[in-house]
Structures are given as structure tokens and as C-alpha cells.
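To start, the structure itself, in C-alpha cells.
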Amino acid sequence: MPRKSLEHFNCSWAQAAEAVGDKWSMMIIRDAFYGVKTFSAFVENIGIAKNILTQRLEHLQQHGILQKRQIGVGSSRSEYILTDKGKALFPVIVALGQWGDQWIFGKGKEPIVVVDLQNKKPIKKLTVESKDGRELSIGDITFVAGGGASESTRQIAADIKQSLDKGPKA
């Protein structure tokens, strides 16, 4: 059964989910960050069926996340490399991995640790920060309509603001 498209949503999260795809696509992107480039290496590393891998690679290419290129002149072999758009997913992949480390595996049981090559130490946990560097939590932010907001998105943002202005219910 084909997945329902999120293309009609005027929402950055929905559009990002549409572009990245599903769990298999996330594993392909993860492996691309690990340095995996060939079809056979993706199959071996992930354990994905070849037909599913073909579909996901095509999807990621269509969305400009991966680029397919020939290995050498006149070769029939190809490799898949991250585009700049794909490389920009780096903090997303790291943050998702750190979330999994904390909430799925637990401290000290992380399957993979991201290490800084320069100092050979694990990187710090990614956080959301204000422009002045303060770490923010969900209670420190709100959502407002941006320049690309549709009328319905503007209404949603106005409803959020109105709800926040009323304060917590007694």
C-alpha cells in the first residue's frame, strides 16, 4: 500500500519527513554518513531487500539528498554520495542518535558514540539554543507564522498565541 503523501502540508516538519522518507531512508542516510557508498554495501550493512533499497535510493535522489555517480570512466558501477542538502542532515542524525542513546539504550550502553577526531572525545549533547547561547526547553519557546506561511498556517499560529496568552487553565 502506498504511503500517504505529506506534500499538501504547509509545515517544515511535514516537508522534511516527506523528503527524508521512512526508517529505511534514515538508515541509508546514516550509513552514507558512515561512508557507505555502494548499493551492495548498503544491502550488506542494513540488511534491506534490494527492491526496497532501490526505491529508497531513488526517493533520496529525487529529493536531492543523495547523488548517484559512476565509479570511474566507462564503469557500470555506481556510488551514492550525500549532496550538500544531505550533509545538512548531519545535526538531525546526530540528535536522533543522541535521543536513542538516552531514551532507548541508556547511559553507558550507547551502540555508537560520535567522537571528535581532533580531541578523540565524544561530542557534547546537541541542544536548542537562543541566539545569545541560552539552552532552551519547550517551555521557553513558541511558534509564530513565518514568511512562507499559508493562511491556514497563520491561523494555527494565531490560535497557539491566543492559547498561550490565556495562560494555564486553573
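The values are calculated or read from the model by the stated rules, or taken from the named source; none is laboratory data. As the structure is a prediction and not an experimental result, all values here were calculated from the model. Quick reminder, even Gly has a Cβ in these numbers, built from the backbone with ideal geometry, and neighbours come from all protein chains shown.
From the list 112, 29, 46, 52, which one is modelled with pLDDT of 95 or more, under 28 Å from residue 125 (Cα atoms) and out of contact with any Asp or Glu (no Cβ under 8 Å at 6 or more places or on another chain)?
Working: 112 fails: modelled with pLDDT of 95 or more; 46 fails: out of contact with any Asp or Glu (no Cβ under 8 Å at 6 or more places or on another chain); 52 fails: under 28 Å from residue 125 (Cα atoms).
Exactly one of 112, 29, 46, 52 is modelled with pLDDT of 95 or more, under 28 Å from residue 125 (Cα atoms) and out of contact with any Asp or Glu (no Cβ under 8 Å at 6 or more places or on another chain), namely 29.
Report, by residue number, each residue of the range 129-151 that is in a helix (DSSP H, G or I) and surrounded by fewer than 10 Cβ atoms within 10 Å (Cβ to Cβ). Before you say what the answer is, go through the steps one by one.
Of the range 129-151, the ones in a helix (DSSP H, G or I) are 138-140, 151.
Matches in the range 129-151: 138, 139, 151.
Output the number of residues of the range 107-124 satisfying the condition of being under 18 Å from residue 30 (Cβ atoms) and either touching a residue at least 24 places away in the same chain (Cβ under 8 Å) or exposed (fewer than 10 other Cβ atoms within 10 Å of the Cβ) (or both). First the steps, then the outcome.
The first filter runs over the range 107-124 and keeps only residues under 18 Å from residue 30 (Cβ atoms), leaving 110-115, 122-123.
Adding the requirement that they be either touching a residue at least 24 places away in the same chain (Cβ under 8 Å) or exposed (fewer than 10 other Cβ atoms within 10 Å of the Cβ) (or both) leaves 111, 123.
Total meeting the criteria: 2.
If residue 24 satisfies all but one of (1) hydrophobic (A, V, I, L, M, F, W, C); (2) closer than 23 Å to residue 111 by Cα; (3) more than 18 Å from the chain's Cα centre (by Cα), what's the number of the condition it fails?
(3)
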